[in-house]
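Visitor: Submitted below is the structure of interest, expressed as structure tokens.
The values are calculated or read from the model by the stated rules, or taken from the named source; none is laboratory data. It should be emphasised that the depicted structure is a prediction, and the values quoted were computed from it without experimental measurement. Cβ: placed from backbone, ideal geometry, glycine included. Neighbour counts: every protein chain shown. The protein model used for the area step is the full one, side chains on, heavy atoms only, and it has no ligands, DNA or RNA in it. Shrake-Rupley method; radii C 1.70, N 1.55, O 1.52, S 1.80 Å.
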Protein chains: 2
Amino acid sequence: MNKIITLARRPEQIPDEKDFTITSGPIPEIKQGQILIKTLFLSADPYMRERMDLSKSYMPEFKLNEMITGTLVGVVIESKSKQFSIGDTVYGFLGWQIYNVSDGTNISKVTNKSIPPQTALGVLGSPGITAYNGLLEIGKPKKGETIVISGAAGAVGTLVGQIAKIYGCKVIGIVGSDEKCKYLIDELGFDACINYKTSLNIKEALEKICTNGIDLYYDNVGNGLLNDIIELSNKKARIILCGQISQYNGSSPTINPKILGLMTKKSITMQGFMIHDFIGEKSERAIQQISLWIQQGQIQYRENVIEGIENAPKALIGLFTGQNIGKQLLKI
Amino acid sequence: MNKIITLARRPEQIPDEKDFTITSGPIPEIKQGQILIKTLFLSADPYMRERMDLSKSYMPEFKLNEMITGTLVGVVIESKSKQFSIGDTVYGFLGWQIYNVSDGTNISKVTNKSIPPQTALGVLGSPGITAYNGLLEIGKPKKGETIVISGAAGAVGTLVGQIAKIYGCKVIGIVGSDEKCKYLIDELGFDACINYKTSLNIKEALEKICTNGIDLYYDNVGNGLLNDIIELSNKKARIILCGQISQYNGSSPTINPKILGLMTKKSITMQGFMIHDFIGEKSERAIQQISLWIQQGQIQYRENVIEGIENAPKALIGLFTGQNIGKQLLKI
């Protein structure tokens, strides 16, 4: 039997298990030119929260009582296509269900056998491309500079910090638990980490740690910390707007209008970007370079794997309650 | 007799005539290596407002009951220096008084005799360098793009609009009077202009005019219009933060936190800058190019001249009450 995740109602703030339904159906049949893909891993990503609301996302919203979609890795179990053979591992943008039919247009083969295939959803997928290009193309870090990363223990943040270390930066993470801080410092080599849930005054903590000021801020969260960062920034600092996970569930931070004046006086640049800005060569270079760093032991990655399609809602909800270190995956 | 403008008290919002005192004193005597300069024109500039407050400016604050300083153009009337002769026209950063003594370190000679010397305070001075480099180096306008300029009738705004026209942009000004709108459209060739004081809904007005969206926003004002601009912006739009004249007197607009998400989804860049970012070659190129455009009739400029040192407070106050079209000068 096939099992399908559908959106039962639009969440008001953080999604709830009742916002989703799991339905069953027959395994779909394929026509000439098509393949049947059995899902191995579903990728739970923060951007999916906005698709649960009406017209908030850059992508079409999920429809009520219809299957949600996302990226996944699967294996070809039936093929009427010349391009794909049974046993091929593929990834692509498909439905959140166990069995997907594809004509090959939305998927690619996973060819690198030296690294587990689900990395195509993480370090060697969108989070990797996002971290690499957001940091290097937009942020342009220089040796000796100080970078602060919000949402630092997530799939993107953990990579940004490690790449910044390779480029010779002082790296400070902002996270929501001591366990995450310990992981970032002990295992990934971050220079310092602040647990925003227990820190009495994040600005003071940052001021103490960032003895040479802040040159780069890689923002995955979109909260009011931006105000403090700009106050503590050096001249010509760069602020990389990658995500606003704090806002996806409806929270609305206060942005101090004084930051406009500070940005002027300090010649600060704040730049948003989307992964689509880096299609083609820049995506390929990111994947190649990160693969190399993994093989050289310079980049580590962690996956937070939840098992069973019935736990799909849990995987999504966990993104917004700070459950995951590294890439949030659902193993089928 | 010399006459000197001093700061009598710190203004709370828009400066008042009582915030300044005019004192008299003897004409200063010069020593070997020095010159005596008689002021011809004082430059009233928005940044001076922040120097009237404590620690708000990037420059030292004006001290209470001491002379205020700024840029001026004057003529050498006595010289004990080998570098300067009587009759030389000079400009530089000096005191707001009729007679200044200088050893030549803070001043330069005005050598271009084909254009009135006070342009060294306007189109061929800081406002010119600011407009030229802010637009071209930060904004990088392309032919056919749409630019919106706030504070468009000021010394910087009028230049930005005309340079953007030379570069083939559609140019929309935001100003505070119909007279200013008329000037921008009829005399400077702006494509459209909005009087924010009489427009019922600026966002709707902008939406109607900017039929291809907004690609560039040159912000001299720092108010909440930024929220609307970002909503109406195209992908890869550039926001140039040049000044926050609306905030200098203590007003505090609401910045919508949703702009962070819009900046991400649309890959928008917002960049602050200071004239100091363009010292040297880039300043010289700006002045040369603007001189050429003036000679070719492609750039026009207007000066709003108030006469008499006793009217110095009026010249400063006028900046914040929307009195000036073009460069605000005080003729002595």
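Visitor: If you add up the charges near B:Lys266, with Lys and Arg at +1 and Asp and Glu at -1, over every other residue whose beta carbon is less than 10 angstrom from its beta carbon, what do you get?
Guide: Numbers: positive: B:Lys235, B:Lys236, B:Lys265; negative: B:Glu231.
Summing Lys and Arg as +1 and Asp and Glu as -1 gives +2.
Visitor: Related question: Order A:116-123, A:216-223, B:194-201, B:51-58 from most to least packed using the mean count of other Cβ atoms within 10 Å.
Guide: Values: A:116-123: 24.4, A:216-223: 26.4, B:194-201: 12.9, B:51-58: 15.5.
Final packing ranking: A:216-223, A:116-123, B:51-58, B:194-201.
Visitor: Near B:Lys80, which aspartates and glutamates are there with a Cα under 12 Å away, not counting those fewer than 8 places off in the same chain?
Guide: Answer for B:Lys80, where 12 Å is the Cα cut-off: B:Glu29, B:Asp103, listed by chain and number.
Visitor: Rounded to the nearest Å, what's the spacing between the alpha carbon centres of region B:237-312 and region A:314-332? Just the number, please.
Guide: Rounded to whole Å, the Cα centres lie 45 Å apart.
Visitor: Further, regarding this structure: Send over a whole-number figure in Å² for the accessible area per residue of chain B, probe 1.4 Å. Walk me through the numbers before you get to the answer.
Guide: Numbers: 14090 Å² over 332 residues.
Result: 42 Å² per residue.
Visitor: List, by residue number, every residue in region A:265-294 with a reduction of 40 Å² or greater in accessible area between the chain on its own and the complete protein assembly, 1.4 Å probe.
Guide: A:Lys265, A:Ser267, A:Thr269, A:Met270, A:Gly272, A:Met274, A:Asp277
Visitor: Same structure again: Determine the percent antiparallel among the DSSP beta bridges restricted to the protein assembly as shown, to the nearest 5. Can you show the working numbers first?
Guide: Working: 68 of 122 bridges.
Rounded to the nearest five, the antiparallel share is 55 percent.
Visitor: Moving to a separate point now. Applying the Karplus parametrisation 6.51 cos²θ - 1.76 cosθ + 1.60 with θ = phi - 60° to the phi angles of region A:150-158, what ³J(HN,Hα) value in whole Hz is obtained for each residue in order, glycine and proline being reported as x?
Guide: For region A:150-158, the Karplus curve yields 8, x, 6, 8, x, 4, 7, x, 4 Hz.
Visitor: Let me make sure I get this right: for region A:126-276, a, b and c are the square roots of the gyration tensor eigenvalues over alpha carbons, sorted descending. Under 1.5 in a/c it's rounded, otherwise prolate if a/b > b/c, else oblate. Which is it? Before the final figure, lay out each step's value.
Guide: Working: a/c = 1.18, a/b = 1.12, b/c = 1.05.
Verdict is rounded for region A:126-276.
Visitor: Now, a different point. Nearest 100 Å², what total accessible surface is buried between chain B and chain A (probe 1.4 Å)? List each step's numbers first, then the result.
Guide: Working: alone 15400 and 15390 Å², together 28180 Å².
Approximately 2600 Å² gets buried when B meets A.
Visitor: Taking the Cβ of B:Lys142 as the centre, find all other residues whose Cβ is under 15 Å away and add up their charges (Lys, Arg: +1; Asp, Glu: -1). Before the final figure, lay out the partial values.
Guide: Working: positive: B:Lys140, B:Lys143, B:Lys165, B:Lys170, B:Lys235, B:Lys236, B:Arg238; negative: B:Glu137, B:Glu145, B:Asp215.
In short, +4.
Visitor: Roughly what % antiparallel, to the nearest 5, for the DSSP beta bridges in chain B? Intermediate results must be reported in sequence, preceding the final value.
Guide: On the way: 32 of 59 bridges.
Of the beta bridges lying entirely in chain B, close to 55 percent run antiparallel.
Visitor: Find the cysteines in chain A that fail to meet the 4.7 Å Cβ criterion with every other cysteine, and list them.
Guide: A:Cys169, A:Cys210, A:Cys242, each lacking another Cys Cβ under 4.7 Å.
Visitor: What is the magnitude of the charge dipole of region B:72-164 about its Cα centre, with +1 placed on the Cβ of each Lys and Arg, -1 on the Cβ of each Asp and Glu, and no other charges, expressed in debye to the nearest 20?
Guide: On the way: 7 positive and 5 negative charges, 47 e Å.
About 220 debye.
Visitor: For region A:170-234 and region A:73-100, what is the centre-to-centre distance using only Cα atoms, to the nearest Å?
Guide: Answer, in whole Å: 41.
Visitor: Using just the helices of chain B, give the 222 nm mean residue ellipticity in deg cm²/dmol: DSSP H runs with n ≥ 4 each add -39,500 (n - 2.57), and the total is spread over all residues, rounded to 500. Show your work: numbers first, answer last.
Guide: Details: 9 runs with 78 residues, N = 332.
Value at 222 nm, helices only, nearest 500: -6500 deg cm²/dmol.
Visitor: Between copies, how far apart are the B:Lys282 label points? List them in nm, one decimal, shortest first, with each point 7 Å from Cα toward Cβ, please?
Guide: 2.1
Visitor: Rounded to the nearest percent, how much of the accessible area of chain A (1.4 Å probe, protein heavy atoms only) is carbon and sulfur?
Guide: Values: 6990 of 14080 Å².
Of all accessible area on chain A, carbon and sulfur atoms account for 50 percent.
Visitor: Moving on. Run the reach check for B:Lys142 against aspartates and glutamates, Cα to Cα strictly under 13 Å, same-chain hits fewer than 8 apart removed. What comes back?
Guide: Correct list for B:Lys142: B:Asp215.
Visitor: Could you work out the relative contact order of region B:126-276? I mean the mean sequence separation of Cα pairs under 8 Å and 6+ apart, divided by the number of residues, in percent.
Guide: 22 percent
Visitor: Another question, if that's okay. Relative contact order for region B:1-112: what is it in percent, counting Cα pairs under 8 Å that are at least 6 residues apart?
Guide: Working: 243 pairs, mean separation 34.6, N = 112.
Across region B:1-112, relative contact order equals 31 percent.
Visitor: Then there is this: Tally Lys/Arg at +1 and Asp/Glu at -1 over every other residue whose Cβ is under 14 Å from the Cβ of B:Trp293; what's the total?
Guide: Details: positive: B:Lys165, B:Arg285; negative: none.
Neighbour charge sum, excluding B:Trp293 itself: +2.
Visitor: Something else now. In whole Hz, with x marking every Gly and Pro, tabulate ³J(HN,Hα) for region A:245-250 from phi via Karplus 6.51 cos²θ - 1.76 cosθ + 1.60, θ = phi - 60°.
Guide: 4, 5, 8, 4, 9, x
Visitor: Taking only Cα atoms of the protein assembly as shown, what ratio of Rg to Rh do you get with Rh as the Kirkwood inverse-distance radius? Kindly include the intermediate steps, with their values, before the conclusion.
Guide: Values: Rg = 29.8 Å, Rh = 27.9 Å.
Ratio value, two decimals: 1.07.
Visitor: Could you work out the relative contact order of chain A? I mean the mean sequence separation of Cα pairs under 8 Å and 6+ apart, divided by the number of residues, in percent. Intermediate values should be presented prior to the final figure.
Guide: Details: 692 pairs, mean separation 59.4, N = 332.
Relative contact order for chain A comes out at 18 percent.
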